[in-house]
Amino acid sequence: MKIFISADIEGVAGVATIQQLKTNGEYQRFRQLMTNEVNAAVRGAFKAGADEVVVADGHGNMSNILIESLDKRARLVSGNNRVMAQLEGIDESFDGIIFIGHHGREGDSHAVISHTLAGICVNEMRINGKVVGETEMNAMVAGDYEVPSLFISGDDIYVNEVKETLPNVESVVTKFARNRIAAELIHPDIVKQEIEEKVESAIRRIKDFQPLVLDGPVTFEIDFKGPQQAQMTTTIPSVKMLTPTQIAFTCKDMVTAYKQMWACVIIAIACTNGITGSVNA
């Protein structure tokens, strides 16, 4: 049995503020806490009979998990410039996907450090008209590979958001959101134990889960924070502007749409304050 773990940091037990995750703050401490929760999931997976576990580091520069502290039985996908971002390495060979330390979506959510991929530019994303966050989107991509989503962990608001789309997914609440940069925290040791137990439980009943599959064409709508961001994404010919800050595009399947969405977000980030530098290398 082969299990994929997509790991983020904002939903990890103990994280309550953006400042904690800055490199000039407490970042090193929270990298360790992130690694510890991933290890708990890895232990649960192997207890349930997994033969192989691949972990994709999915926060920021996607190089946060401490390889020297990671369970030796797992393999780690680390580093940026990844076409599939938080899902780099996933394919049809996996039997299930687990989300550790993820967070609520951008918009009216008051989940801890809520955002969707890039807080600097994205206000909201919709897939075929449905508002989604990162986990729901990733679950749909995994579904294109026939991989079911088994488990999620993060704050209580995040868990409730995801269960609107994945009502049967196993979950662990790592903290209770008080607002976007405040939380009622649960001790990390308690959270790690619960993650290990519930990941094991979810994998043991893996046949109870079905992949989240979108049939037919997939349409993304993205609301950006600035018109310069929306306009510059139309350098991709299939992208259409709906309003000065809203774009849309349609692709034949979810994996293709996911890749094009990332291209749009990367362009939007780059042009937020104007694209600088020379094109003549």
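The values are calculated or read from the model by the stated rules, or taken from the named source; none is laboratory data. Fair warning: this is a prediction, and the values are worked out from it, not measured in the lab. Using ideal geometry, Cβ is built from the backbone for each residue, glycine included, and neighbour counts are taken over all protein chains shown.
Odds and ends about this structure:
- Search result, residues across segment 237-248 that are touching a helix residue (DSSP H, G or I) at 6+ places or on another chain (Cβ under 8 Å), surrounded by 14 or more Cβ atoms within 10 Å (Cβ to Cβ) and not polar (S, T, N, Q): V239, M241, I247
- Residues of segment 236-267 that are in contact (Cβ under 8 Å) with a residue 60 or more places away in the chain and under 30 Å from V147 (Cα atoms): D253, M254, V255, A257, Y258, K259, M261, W262, V265.
- Of all residues in segment 95-105, those satisfying the criterion of being outside any strand (DSSP E or B) and either assigned by TED's automatic domain parsing to the domain that holds K225 or crowded, with 23+ Cβ neighbours inside 10 Å (or both) are G101, H102, H103, G104, R105.
- Helices (runs of 4 or more DSSP H) completely within segment 146-244 that count 3 or more residues being over 17 Å from V132 (Cβ atoms) and among the basic types (K, R): 188-204
- Taking each residue of segment 162-182 that is farther than 19 Å from I113 by Cα and looking for partners that are charged (D, E, K, R) and modelled with pLDDT of 95 or more with beta-carbon atoms closer than 6 Å, six or more apart or interchain, yields T165/E136; E170/K198.
- For first residues located in segment 116-138 and farther than 15 Å from A85 by Cα, partners that are assigned to a helix (DSSP H, G or I) and among the polar types (S, T, N, Q) and lie 6+ apart or on another chain with Cβ distances below 7 Å form the pairs C121/Q229.
- Options L66, L70, L33, L21: the member that is over 20 Å from A142 (Cβ atoms), among the aliphatic types (A, V, I, L, M) and at pLDDT below 95: L21
- Of the numbered criteria (1) surrounded by 20 or more Cβ atoms within 10 Å (Cβ to Cβ); (2) free of Cβ contacts under 8 Å to residues at least 60 places away in the same chain; (3) in contact with a Gly (Cβ under 9 Å, 6 or more places away or on another chain), the one T233 fails is (3).
- Of the residues making up segment 245-274, those that are assigned to a helix (DSSP H, G or I) and either among the polar types (S, T, N, Q) or touching a Pro at 6+ places or on another chain (Cβ under 7 Å) (or both) are T256, Q260.
- Filter result (within 22 Å of R29 (Cβ to Cβ) and assigned to a loop (DSSP other than H, G, I, E, B)) within segment 55-78: G58, H59, G60, N61, M62, S63, N64, I65, L66, L70, D71, S78
- Hits in segment 85-94 - residues which are touching a strand residue (DSSP E or B) at 6+ places or on another chain (Cβ under 8 Å) and either farther than 24 Å from E26 by Cβ or assigned to a loop (DSSP other than H, G, I, E, B) (or both): L87, E88, G89, I90, S93, F94
- Evaluation of Q228 against (1) outside the structural domain of G14 (by TED's automatic domain parsing); (2) surrounded by fewer than 17 Cβ atoms within 10 Å (Cβ to Cβ); (3) in contact (Cβ under 8 Å) with a residue 24 or more places away in the chain (one fails), failing number: (2)
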